[in-house]
Amino acid sequence: MNFCSKCSSAQIEKKVPDGDTHERLVCTQCNEIFYSNPNIVTGVLPFNSNNEILLCKRNIEPRSGFWTLPAGFLENGESIEEGAVRETYEEALLKVENVNLFTILSVPHINQIYTFFTGEINGSSFGPTPESSEVKLFKIDEIPWDELAFPTVKRTLQLFLEEDRNNVFNEVLKY
Ligand SMILES: [Zn+2]
């Protein structure tokens, strides 16, 4: 950041504001503090009654060409569930039902928090989009474990396939 977005001053400094515990970018002209906090990624693990899971082949960087669960950054003004459902439609043209929170994974070294919901497919149609070159149902023994885009996706799939399917909240992933 070179200029203050409030007063346009170039006098931006890194310092710990009074009463704060972390260094922040602060405008020394108007005293505006610019906070930087983790981003939330929200998505769905879509499955059907044939024990198949839907994955998308990424058509965008990062990790273009690798398989992922439909997910993306939460927008202002929406709940994590709304964001997950929206991303699933944007990336896979899929409308899921009975959406339930399944994993919350902290990835502190890249300042991201992932939330994944399970969602039932129930015969809904789906297809490729600008973000996904391929959208496909996988039998459990066909999941391309070595071609998954992100550790959070792999972990969520692993947890889903574990027999007791305990929800996992607050797991910290380090990789
Ligand atoms: Zn300013």
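The values are calculated or read from the model by the stated rules, or taken from the named source; none is laboratory data. Keep in mind that this is a model prediction, so the values were computed, not measured. Using ideal geometry, Cβ is built from the backbone for each residue, glycine included, and neighbour counts are taken over all protein chains shown. Surface accessibility is based on the protein's heavy atoms, side chains included, excluding ligands, DNA and RNA. Shrake-Rupley method; radii C 1.70, N 1.55, O 1.52, S 1.80 Å.
When the chain is fully extended, how far beyond the present Cα-Cα distance does Ser133 get from Asn2, taking 0.36 nm per residue of separation?
Numbers: separation 131, 0.36 × 131 = 47.16 nm, distance 3.76 nm.
Computed gain between Ser133 and Asn2 is 43.4 nm.
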- Message: As an exercise, find the ratio Rg/Rh for region 19-108 from alpha-carbon atoms, using the Kirkwood inverse-distance average for Rh.
- Response: 1.13
- Task: Just tell me which lysines come within less than 27 Å, Cα to Cα, of Lys6; anything on the same chain fewer than 8 places away is out.
- Result: Lys14, Lys15
- For region 33-79, report the convex hull volume of the alpha-carbon atoms normalised per residue, in Å³, without decimals. 111
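FRET efficiency for Tyr89 and Trp145, Cβ-Cβ distance as r, R0 = 35 Å, nearest 0.05? Let's see the in-between values first.
Working: r = 26 Å, r/R0 = 0.75.
That pair, Tyr89 with Trp145, gives E of 0.85.
Under unit Cβ charges (Lys, Arg +1; Asp, Glu -1), what dipole magnitude, rounded to 20 debye, does region 75-175 have relative to its Cα centre?
Numbers: 8 positive and 19 negative charges, 38 e Å.
Dipole about the Cα centre, nearest 20: 180 debye.
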- Message: For the chain, take the longest principal axis of its alpha carbons; what is the angle in degrees between that and the long axis of helix 80-92, to the nearest 10 within 0 to 90?
- Response: 60
- Reachable lysines from Lys57, criterion Cα separation under 27 angstrom, eight or more residues apart if same chain: Lys95, Lys136, Lys139, Lys154, Lys174
- Ser8 accessible area, nearest 10 Å², 1.4 Å probe? 80
- So for the pair Arg63, Asn122, with labels modelled 7 Å out along Cα→Cβ, what separation do we get in nm? 2.9
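For the chain, give the percent of accessible area contributed by carbon and sulfur heavy atoms, probe 1.4 Å, rounded to a whole number. Before the final figure, lay out each step's value.
Values: 4590 of 10010 Å².
Carbon and sulfur together cover 46 percent of it.
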- Express as a percent, rounded to the nearest 5, the fraction of DSSP beta bridges in region 60-175 (both residues included) that run antiparallel. 70
- Query: In the full protein assembly as shown, how much of Lys139 is accessible to a 1.4 Å probe, in Å² to the nearest 10?
  - Reply: 80
- Task: Compute the label zone of Glu13 within region 28-51: residues whose backbone N is under 13 Å from the point 7 Å along Cα-to-Cβ.
- Result: 28-32
- Output the Kirkwood hydrodynamic radius of the chain, Cα pairs only, in Å rounded to one decimal. 17.8
